[in-house]
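Bear in mind that the values in this text are calculations on the coordinates, not laboratory data. The structure presented is a predicted model; accordingly, all values stated were derived computationally and were not measured. Reconstructed Cβ throughout: ideal geometry from the backbone, glycine too, with neighbour counts over all protein chains shown.
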């Protein structure tokens with residue numbers, strides 16, 4: 001039974017087909033999480049194909065690999081947006097920090113109910129399993145802003 005809208009958290013996942021697509025790229029096609037995320041971003045029209053190799057080659061610094069890839073996808077996506085004067089402005093840092101909060105919240109809600117992964121947190125989780133979830137959360141964040149849909 002689906003939760004009423006008032007009880008749905010911001011970490012609810014909304015794009016099951018996108019997550020399945022990413023899982024297939026990672027598991028069946030044996031792609032890295034960053035390549036699978038970049039390829040999906042191209043497929044779903046978030047970034048141009050010319051950005052695929054650059055994003056797939058991203059190296060994590062203070063973030064995990066899939067989070068670093070999401071950051072690069074967001075940055076590339078925002079470069080392609082037309083400047084619309086009638087929409088409120090937003091920044092890369094704002095979108096990335098919103099995504100980071102949503103990812104941490106999602107991990108916290110899932111690990112609270114699963115004692116096997118109680119030590120899991122954003123910097124040291126399994127990117128292969130988390131990349132599809134993160135992509136879903138990233139899409140939700142991008143769709144929160146007028147003019148991005």
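Put simply, when 28-41, 129-142 are sorted by average Cβ atoms within 10 angstrom per residue, most first, you get 129-142, 28-41.
Each label point was placed 7 Å from the Cα along the Cα-to-Cβ direction; for residue 144 and residue 109 their separation is 1.3 nm.
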